[in-house]
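To start, the structure itself, in structure tokens.
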Amino acid sequence: MLPSARQPLGAPGAYALPDATTVQLHPQRMDVCAFVGVAARGPAWQPKVDAQWPAGWRQVTQPERPLLRSVPVSVRSFDEYLRVFGGFESPGALPHAVASFFEQGGRQAWVVRIVHDRAGASFGDGCALGVLSGAFTQDLTLQARNQGLWGQTLRVEIGLSSTAVSVDALSATDLRVELSSPLVPGACLRLTDATGGVTLAWVDALVATPEANRPRTRWRLQLDTAPATVPVRADLVEAWVQIDDGAGRTEQFEHLALSPEHPQALATVLADRSALVWPHADWAGVRLMPVDVRVERVRGRTGAFTGGDDGHEHIVPSDFFDAFWTPADDEPGSGLMALAPVDAVAVVGTAGITHVVVPDLYVPAQWADPEPLPDATVGRAGAVFGPCVDTTVVPGAQATPPSRLTGLILDPRRSSDLDVIVTLQQQVVDFCEATQALVALLDVPPGLSQSRIEQWRSRFDTSWAAAYHPWLLPQRRPGDGQDPARARRRPLPPSAVAAGIVAHTERTAGLQHGPANAVAQQIIHLAEPQPPGRGDALLPLGLNAFVRDARGIELVSARTLSRDPQWRQLSVRRLMLMLRRTLLVDTQWAVFEPNGPMLWAELHQALTSLLRGLWRAGALVGRTQDEAFFIRMDTAARRLERGELLVEIGVAPSEPLEFILVRLRREGDGTLNFED
């Protein structure tokens, strides 16, 4: 329990009584969304780092070290996404989904890249390799940070530098430095004697040695190679690295050591801090010898990187899940299960995610391989009629390139494929229900008639998911790599747009407002023509529709897939999730406190303050706070004897206004009366 504030008293007099510290509960943010899909690059099959498997260059030299197939990464803008996961060259909808999320007003997203879960996967599979020569007596192989063709545009340059250091040479074998010297074990020294002879040596250890005639202690250097004569100059040899991925992202590291024992070793820094390359196991654990003692002239560059493989054609729906993960596991799994909030109490990392979107769960067949444009005939006729001449037939370009995600193509218009889609979406919902920490935003499969949509809807009954219809067409974005005159815009899953609207509504209006009645930004059209009244027919089914009106493409509802009227509104599920998360986080201080009246009073006051604030903001309904919520504490003796405290909290969530009925009545004298 929080200690009471006390004021130290001195001479008799009047003193200001300090404000007593009270416990406060802070509502958790609910605007963070996770995206799981296929990217052109990004973390995948990364070596595990924890207390058992430490960081450093050994990450690449231990074949027994576990590999993480899926690694969630937080991004706070689409530019940050581009730096980590690449751009629209990806064959999936993930970059378009994340871009739309930020266009709608989202501020933070987590992204999980999906790669094929191949059997017997080893570190470096599918990663491009490049060889650097010219700097050391051995060539250095460098590996792209993750698999993909993107790694073949990498270029790396390494150079060496020297810095004079103060070394007191008592003899050729007795070199001493001050305790504040920058030298540490693993440092490389260039020792020069009076005749100009040069020796390169590594510091193996520093031994504290008291001075014989002075009351001080200095380090005595233990070198791997002792110079033949007494050195008169010592220089610290270090390396620098410049890395360019060919797409605008660069990295530069300086003051790097050449020995793996050094904490700033070249291999260690690349393994721990680079986002572009890994050191290769062939040299990560060895000392690197410069090709020339005149290290200032040494510089090496890599040739072309080769061997990168995206592996997009091998990705299948099962890669989005982890069949061996269960909610009882202490660690996250792979694929979607990498978002498991194992550290929800601290709300760090992925535990702060509220919604999840899986834009690449399948590729609709009708948009996977579009029809090519008609062939064009090019002739040599002039401005006037003349004799027939030979013509050349120019094949028409395709509207969009065929999808490389061949293992994910499903046709929702076929019953068998629709059943597969429903099964995959149900697995996403099952994960959200099992963790009770995420709300799944699903997409109604495209190309379905009204009756088929109703059949699809009948397969779900959960408040942990919301569904959106139809798919949307975004405006063309810079850098999508297609000719604007020929390329057709890729349809966008509506759940990605809805996720941005949810986040924007949360930040601007508050949790109590339903995330709907908002115009989708940067959306120009519906991907499929909709019959009149389709949105009206979907609302009773609990499906959230985007419709075209005078303002643009607008999201007109925010309901869950639950058949229970109490969980019909998405805002209600979000409110209850926020309360659960807030109580998990902000009541940890009560653990191991004396279970007595003082603790009960503190908890009651904190809970009342939180719920009263929600009631005043409109999140709870009731004329008084007693009608809006209640707090009951079970202080029965049997519970106290077991060290338990049961607090029952009841709330009456308010539901957003969806309908306004207007009655117009014309009187006999021509007066028009308005009633609502």
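Values quoted throughout were computed directly from the atomic coordinates according to the rules given, and no laboratory measurement underlies them. Being a predicted model, the structure only gives us computed values, none of them experimental. Cβ placement follows ideal geometry from the backbone for every residue including glycine, while neighbour counts extend to all protein chains displayed.
A few remarks follow.
- Near the amide H of Phe305, within less than 5 Å, lie the amide hydrogens of Leu154, all on another chain or at least 5 residues away, with H placed in the peptide plane.
- Note, ³J(HN,Hα) from phi for the range 635-651, Karplus 6.51, -1.76, 1.60, rounded to Hz, x at Gly and Pro: 10, 4, 4, 4, 6, 4, 5, 8, x, 10, 9, 9, 10, 9, 10, x, 10
- Positive-pole candidate from Pro359, Ala226, Met633, dipole of the chain, charges at beta carbon: Met633
- Ranked Asp322, Asp31, Asp168, criterion: other C-beta atoms within 10 Å, fewest first: Asp168, Asp322, Asp31
- Cα-centred dipole magnitude for the chain, charges only on beta-carbon of K, R (+1) and D, E (-1), debye, nearest 20: 840
- Computed from point charges on the beta carbon alone (+1 for Lys and Arg, -1 for Asp and Glu), the dipole magnitude for the range 52-167 about its Cα centre is near 240 Debye.
- In order along the range 447-460, phi translates into HN-Hα couplings of x, 9, 6, 4, 5, 5, 4, 5, 5, 4, 4, 5, 7, 10 Hz, rounded to whole numbers, per the Karplus curve 6.51 cos²θ - 1.76 cosθ + 1.60 with θ = phi - 60° and x for Gly and Pro.
- Helix-only CD estimate at 222 nm, as mean residue ellipticity for the chain, using -39500 (n - 2.57) per DSSP H run (n ≥ 4): -5500 deg cm²/dmol
- For the chain, with +1 on Lys and Arg beta carbons and -1 on Asp and Glu, the positive-most of Leu614, Ala164, Val84 along the dipole: Leu614
- Relative to the longest principal axis of the Cα atoms of the chain, the long axis of helix 494-508 makes an angle of roughly 90 degrees.
- When peptides 642-655, 56-69 are sorted by average Cβ neighbour count within 10 Å, with the highest value leading, the order is 56-69, 642-655.
- For the range 53-58, backbone phi angles converted through the Karplus equation (6.51, -1.76, 1.60; θ = phi - 60°) give residue-by-residue couplings of 10, x, 6, x, 5, 5 Hz, Gly and Pro being listed as x.
- Over 41 Å [Cα-Cα, the chain], rounded percent: 48
- When you count the other C-beta atoms within 10 angstrom of each residue and take the mean per peptide, 436-449, 611-624 line up highest first as 436-449, 611-624.
- Inter-part distance where the range 306-323 and the range 402-472 are each reduced to a Cα centre, Å: 21
- Shape descriptor for the range 129-302: Rg over Rh equals 1.05 (Cα atoms; Rh from the Kirkwood inverse mean 1/r).
- Per-residue Cβ neighbour counts within 10 Å put Ser463, Ser180 in the sequence Ser180, Ser463, beginning with the fewest.
- On Cα atoms only, tilt of 415-435 relative to the major axis of the chain in degrees: 70
- Annotation: extensible slack from Ala617 through Ala550 equals 21.0 nm (criterion: 0.36 nm per residue apart, minus Cα-Cα distance).
- Where both bridge residues fall in the chain, DSSP classifies roughly 80% of the beta bridges as antiparallel.
- Burial order of peptide ranges 537-547, 293-303, 560-570 (average beta-carbon count within 10 Å, highest first): 537-547, 560-570, 293-303
- Degrees between helix 94-103 axis and first principal axis of the chain (Cα, 0 to 90, nearest 10): 70
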